[in-house]
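Enquirer: Structure in structure tokens, see below.
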Amino acid sequence: MTATDWTLVAATNNEILLKSCLLSSPDICSGTQVILQRGYHNAAEAYNAAILMAKTDLLIFAHQDVYFPAGWLNKVQNSIDVLSKIDPNWGVLGIIGRRDSGAVVGFMYDGTCKTVLGNEFDGGREVKSLDEVVLILRKSSGLLFDPRIGGFHMYGTDICLEARRQGKKCYAIAAFCIHNTNEYWMLPWQFWICYLAMRRKWRPQLPIKTMCTEITYWCWPMVRWNLVRAINLVTGRDKPPNKRVENPQKLCQEVLISRSIVG
């Protein structure tokens, strides 16, 4: 895959974070179309507008706090090559997701828990939902994000379910990257608003397992999560939340070497 074969899209509100993480990724070259969406109130509107502007068929939507190591695009291309032989009509790809069983598949360093999630594998592994940290789709698929979900949460799960409704499967691929994010002490209320919107929209498909929680009819996972965190906060049982690192490139190299992937 060359620089002109794909379009990178990011909704951003932090220029320093964007430059130190996503835009510092070595595979983003001068020929790559980069669409930075600023000032949007929800991810769906930002991403749908970018789809219209994109000049390529392959679109990669990434958070501003992601760092792609050198060779990341080759990993993506290799996974697509393998998948295209068994499922040329694939819908959405991502780097971390959940299967119907609840098992997590993919390959990513997660800054919230300071650990690597998943392992290396070839091709893709079918999932029911994908985390929004990185999503990959083709413009020609006709898939769009749903603004009714609102905000900047749950849209990865939603577009996977939309793809399924169109008869397309979704997959996690092993294209390792760093998600240089802060850990939440309490998930923002906007997250739970999106949770409730997903519950309304996909009620016949409930329960739905996402990377952060499970969407159910009675919303017990939402109630339990907030209740436990509130108790821990009041009693002082929670440790201070993990913070992002200043140098994601250095962190990436250290993780890859420790996993014997490079060096």
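Enquirer: Could you give me the ³J(HN,Hα) list for the stretch 154-160, computed from phi with Karplus coefficients 6.51, -1.76, 1.60 and θ = phi - 60°, whole Hz, x at Gly and Pro?
Expert: 6, 5, x, 5, 4, 6, 5
Enquirer: Where in the stretch 201-263 are there GluC sites (Glu not before Pro) that are in a DSSP coil and have at most 11 other Cβ atoms within 10 angstrom of their Cβ?
Expert: Numbers: sites: Glu214, Glu246, Glu254; in loops: Glu246.
Within the stretch 201-263, the qualifying GluC sites (Glu not before Pro) (loop, at most 11 other Cβ atoms within 10 Å) are Glu246.
Enquirer: If you don't mind, another one. Considering only Tyr195, Thr181, Val255, whose Cα is most displaced toward the positive end of the charge dipole of the stretch 136-263, charges sitting on Cβ of Lys, Arg (+1) and Asp, Glu (-1)?
Expert: Result: Tyr195, furthest along the dipole toward the positive end.
Enquirer: Counting other beta carbons within 10 Å of each residue's own, what order do Thr213, Thr4, Thr157 fall into, fewest first?
Expert: Arranged by neighbour count, lowest to highest, Thr213, Thr4, Thr157 become Thr4, Thr213, Thr157.
Enquirer: Let me ask something else. Show me the ranking of peptides 131-141, 162-172 by mean Cβ neighbours inside 10 Å, starting with the highest.
Expert: Highest to lowest by the protection proxy: 131-141, 162-172.
Enquirer: Give me Ile35, Ile60, Ile231 ranked fewest to most by other Cβ atoms within 10 Å of their Cβ, as a rough exposure proxy.
Expert: By the 10 Å Cβ count, ascending, the order reads Ile231, Ile35, Ile60.
Enquirer: Please rank Leu206, Leu17, fewest neighbouring Cβ atoms within 10 Å first, as an exposure proxy.
Expert: Leu206, Leu17
Enquirer: Let me ask something additional. Treating only the Cβ atoms of Lys and Arg (+1) and Asp and Glu (-1) as charged, compute the dipole magnitude of the chain about its Cα centre; round to the nearest 20 debye.
Expert: Computed charge dipole of the chain: roughly 720 debye.
Enquirer: Considering amide H positions built from the backbone, and no H for Pro or chain starts, which residues 5 or more places from Phe152, or on another chain, come under 5 Å of its amide H?
Expert: Ala43
Enquirer: What ³J(HN,Hα) values, in whole Hz, does the Karplus curve 6.51 cos²θ - 1.76 cosθ + 1.60 give for the stretch 86-91 when θ = phi - 60°, with x put for Gly and Pro?
Expert: 9, 8, x, 9, 4, x
Enquirer: Give the total of Lys-Lys pairs in the stretch 3-258 with Cα-Cα distances below 17 Å; include a pair only if its members are 8 or more places apart or on different chains.
Expert: 16
Enquirer: Which Cα, out of Ala62, Ser140, Gln166, lies furthest along the positive dipole direction of the stretch 3-258 (beta carbon charges, K/R +1, D/E -1)?
Expert: Gln166
Laboratory data are not the source of any read-out in this text; all were calculated from the coordinates shown. Keep in mind the model is a prediction, meaning the values are calculated, not measured. We place every Cβ from the backbone using ideal geometry, glycine too, and count neighbours over all the protein chains shown.
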